[in-house]
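A short write-up of the structure that comes next.
The values are calculated or read from the model by the stated rules, or taken from the named source; none is laboratory data. All values reported here derive from a predicted model rather than from experimental measurement. Virtual Cβ from ideal backbone geometry, glycine too; neighbours counted across all protein chains shown.
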Amino acid sequence: MQKICLLGATGSIGRSTLDVIAQYPDQFELVSVAANASVERMAEICRTFKPKRAVMGSAQARDELAALCADLDTQFEYGSAAMESIASDDCDQVMAAIMGFAGLRPTLAGIRAGKRVLLANKESLVTAGRLFMEEVAKHNVTLMPIDSEHNAIFQCLPQNEAGATKRDVDKILLTASGGPFRTFSPEQMRSVTPAQACAHPNWSMGQKISVDSASLMNKGLELIEACWLFDVTPADVQVVVHPESIVHSMVSFKDGSVIAQMGNPDMKIPIAYGMTWPARIETGVEALDFFKVAQLNFEAPDLERFPNLKLASDAWYLGGTAMACLNAANEVAVDAFLKEQISFLDIARLNQRVLERSEIKAVNDLEAVFAADQASRLLAQQLIASEFA
Ligand code: NAD
Ligand code: MG
């Protein structure tokens, strides 16, 4: 029996994780959950899974949840410290599926407590990069990439022999759907709405990652994520636009072989693999029907229409706090776009301005990451008020 702590339980990844847990009640036990504000959804989860501890983002949300679930034995708590506490409490695996930078502290808590960490929350790895990976090594943690591309790359890389990766791999081929605006002209992109940006052609996901997919910032974050996870640089990674989202990524080897991981686009596949690796279980996802798929297409990314991808690579080479600055700018920009305060094309413009204007510092401790995040958020908000409104 594996005891699971689920951070971000009410979200899209949270839902898919609960689906896998529910299919295997004799293998997985949900012992703790955390979410920000969705009280009613959390109440449903508590009723169904009866976790020992449930943490909300605010005292008010905790109180509302406690009132809805007064008959349960679950302990209701709130705040970041409580989220860190459940991630390091009695459990075997921590699913890190909080959205954004807010996931960093609880994810690190799980790592420091030596849990198997299932990483969906890419922003935490992107912002804290080296420190994050050092903690993983220090605590001898199994870090399972849940992002479908990175889970695919993990499956394609040789795991049989230490050192084989660096020696034999020519390139990592990181696939991207291209999002809903893949074929849009700059003119068409100027007036797209949040609803259009959130309507991803292949995946059903949270709003923030959906907008990131539309602006290709998601692929930028994933490029950085791949560099940290697999100890490579952006020069070792080729982004390949693949509109069908059937190939979830590939690894090209020096002998000319390319290994791809494929499947229908459903996050239950990487989630279940993360939970059971090196074993596999049935997930309920339909097997791939190649006759139905019929065609797979591939094209190069357009960095002019989608400058975020280039910005992410720039941030990697700038190093230090640059990635935290870019991520913070993007979180503010996406939020402002969703509230219709800035336009879709402003997202990349704002990201670029913040990256150019931020003072990049070395990351010697976590405080440097938090300071950079704070400063860039502030700068982004000021720019929105002064130049983008
Ligand atoms: P979502 O918006 O659907 O859910 C986010 C979850 O995080 C919710 O439970 C919410 O309550 C919680 N949350 C948000 N802010 C919080 C805060 N300040 N404190 C505590 N909890 C907070 O998002 P999602 O699509 O499930 O994505 C979650 C993470 O997984 C993101 O980092 C995303 O990039 C990554 N991811 C998602 C997918 C996907 O298919 N949805 C795929 C790959 C990676
Ligand atoms: Mg992904």
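Taking interchain pairs and intrachain pairs at least six residues apart, which have beta carbon atoms under 6 angstrom, with the first residue in segment 65-78 and surrounded by 17 or more Cβ atoms within 10 Å (Cβ to Cβ) and the second assigned to a loop (DSSP other than H, G, I, E, B) and modelled with pLDDT of 95 or more?
Thr74/Pro51; Tyr78/Ser58
Answer with yes or no whether Ile360 is in contact with a Gly (Cβ under 8 Å, 6 or more places away or on another chain), touching a residue at least 24 places away in the same chain (Cβ under 8 Å) and among the aliphatic types (A, V, I, L, M).
In short, yes.
For segment 16-39, give me each residue that is within 14 Å of ligand 1 (Cβ to nearest atom) and either in a helix (DSSP H, G or I) or farther than 26 Å from Ala61 by Cα (or both).
Answer for segment 16-39, where residues must be within 14 Å of ligand 1 (Cβ to nearest atom) and either in a helix (DSSP H, G or I) or farther than 26 Å from Ala61 by Cα (or both): Ser16, Thr17, Leu18, Asp19, Val20, Val39.
Considering only residues that are under 11 Å from Gly8 (Cα atoms), part of a loop (DSSP other than H, G, I, E, B) and among the aliphatic types (A, V, I, L, M), which ones fall in segment 94-125?
Ala97, Ile98, Met99, Ala120 - these are the residues of segment 94-125 that are under 11 Å from Gly8 (Cα atoms), part of a loop (DSSP other than H, G, I, E, B) and among the aliphatic types (A, V, I, L, M).
Can you tell me how many residues in segment 37-87 are among the hydrophobic types (A, V, I, L, M, F, W, C) and more than 25 Å from the chain's Cα centre (by Cα)?
9
Please count how many residues of segment 120-152 are crowded, with 24+ Cβ neighbours inside 10 Å and free of Cβ contacts under 8 Å to residues at least 40 places away in the same chain.
1
Looking only at segment 55-102, count how many residues are at positive phi and touching a Cys at 6+ places or on another chain (Cβ under 6 Å).
Final tally of qualifying residues: 0.
Just wondering, is there one or more residues in segment 217-229 that are touching a residue at least 60 places away in the same chain (Cβ under 8 Å) and away from ligand 1 (no atom under 14 Å from the Cβ)?
So far as segment 217-229 goes, yes, one or more of its residues are touching a residue at least 60 places away in the same chain (Cβ under 8 Å) and away from ligand 1 (no atom under 14 Å from the Cβ).
Counting only residues that are part of a helix (DSSP H, G or I) and without any contact (Cβ under 8 Å) to a residue 40 or more places away in the chain, how many does segment 277-309 have?
3
Every residue, every condition in (1) away from ligand 2 (no atom under 16 Å from the Cβ); (2) touching a strand residue (DSSP E or B) at 6+ places or on another chain (Cβ under 8 Å), yes or no:
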residue	(1), (2)
Gly110	yes, yes
Asn121	no, yes
Leu125	no, yes
Arg130	yes, no
Glu149	no, yes
Ala152	no, yes
Gln159	yes, no
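State whether one or more residues within segment 195-206 are under 22 Å from Met267 (Cβ atoms), buried (at least 18 other Cβ atoms within 10 Å of the Cβ) and away from ligand 2 (no atom under 15 Å from the Cβ).
yes
Taking segment 368-389 on its own, how many of its residues are more than 22 Å from the chain's Cα centre (by Cα) and either modelled with pLDDT of 95 or more or of a type outside the set (A, V, I, L, M, F, W, C) (or both)?
Residues that pass the stated criteria total 10.
If the Cβ limit is 7 Å and pairs must be 6+ apart or interchain, which residue in segment 153-177 that is under 13 Å from Val237 (Cβ atoms) pairs with which residue that is among the acidic types (Asp, Glu) and modelled with pLDDT of 90 or more?
Listed pairs, sorted by first residue: Lys171/Asp236; Ile172/Asp236; Leu174/Glu149; Leu174/Glu222; Thr175/Glu149.
Every residue, every condition in (1) within 16 Å of ligand 1 (Cβ to nearest atom); (2) in a loop (DSSP other than H, G, I, E, B); (3) within 20 Å of Tyr273 (Cβ to Cβ), yes or no:
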{"position": "Glu134", "(1), (2), (3)": "no, no, no"}
{"position": "Glu149", "(1), (2), (3)": "yes, no, yes"}
{"position": "Ala152", "(1), (2), (3)": "yes, no, yes"}
{"position": "Asp170", "(1), (2), (3)": "no, no, no"}
{"position": "Thr175", "(1), (2), (3)": "yes, no, yes"}
{"position": "Gly179", "(1), (2), (3)": "yes, yes, no"}
{"position": "Thr183", "(1), (2), (3)": "no, yes, no"}
